[in-house]
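The values are calculated or read from the model by the stated rules, or taken from the named source; none is laboratory data. Predicted, not measured: the structure shown is a model, and the values here were computed from it. A quick note on method: Cβ atoms are made from the backbone with ideal geometry, for glycine too, and the neighbour counts reach across all protein chains shown. To get the accessible areas, we keep the full protein, side chains included, count just its heavy atoms, and leave off ligands, DNA and RNA. Shrake-Rupley method; radii C 1.70, N 1.55, O 1.52, S 1.80 Å.
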Amino acid sequence: MTRLLVSMVLALLAVAAPSVRAKDQLAKVDEPAPPPAVARYLMGTRLGFITCSGKYRSYLEKRDLYELVSDDGIATPRRMDPPSTEETAACVHETVYKAQGLREAAAKHATTPAAKTALREYTTAWQASLASIESTQPEKPREFDARQKKQEARLDELQRRVESTAK
């Protein structure tokens, strides 16, 4: 019992001690941040992409479950309704609609030709990634995750370009 108590106290000290020292230190970033309107646009579009991707992944998981419990050639009744991608489609539509206002505000702050080009390329890639969330071919959640990682990497690259040029 004593041994357990001592172990718990040491673990608590190991966790708490670095955080006490860390709060006294300030992290300085030399890179200037993009204008708030540009940052809002980037954050909003990425959040929308993540949200809609999550809804489609949820659909894929439900579809896997549906295939598991559906009839397998035997005359058994279906145990659940087939899932639908309507929620994903609605999410994509709403996200694109909400991003229009954010993009207009961000475009006002992208004053240089390089910033305008970077913002336009990011927007095009983002809209294409939203449109391609739903696959035309049946896929497993793992395959979807791999496909999404590639999309996210491309968006990350373009987002860095927008942030570096829109200052």
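Go through (1) in contact with an Asp or Glu (Cβ under 9 Å, 6 or more places away or on another chain); (2) farther than 30 Å from residue 83 by Cβ; (3) without any contact (Cβ under 8 Å) to a residue 24 or more places away in the chain and name the single condition residue 118 misses.
Going through (1) in contact with an Asp or Glu (Cβ under 9 Å, 6 or more places away or on another chain); (2) farther than 30 Å from residue 83 by Cβ; (3) without any contact (Cβ under 8 Å) to a residue 24 or more places away in the chain one by one, residue 118 breaks only (3).
Report, by residue number, each residue of segment 81-107 that is open to solvent by 60 Å² or more (accessible area, probe 1.4 Å) and modelled with pLDDT under 90.
81, 82, 84 - these are the residues of segment 81-107 that are open to solvent by 60 Å² or more (accessible area, probe 1.4 Å) and modelled with pLDDT under 90.
Within 28 Å of residue 59 (Cα to Cα), touching a residue at least 24 places away in the same chain (Cβ under 8 Å) and open to solvent by 60 Å² or more (accessible area, probe 1.4 Å): is that true of residue 127 in this structure?
yes
I want to confirm something. Restricting to segment 136-167 and keeping residues that are open to solvent by less than 80 Å² (accessible area, probe 1.4 Å) and more than 17 Å from the chain's Cα centre (by Cα), which single residue is farthest from residue 106 (Cα to Cα)?
Looking at residues that are open to solvent by less than 80 Å² (accessible area, probe 1.4 Å) and more than 17 Å from the chain's Cα centre (by Cα), I get 139.
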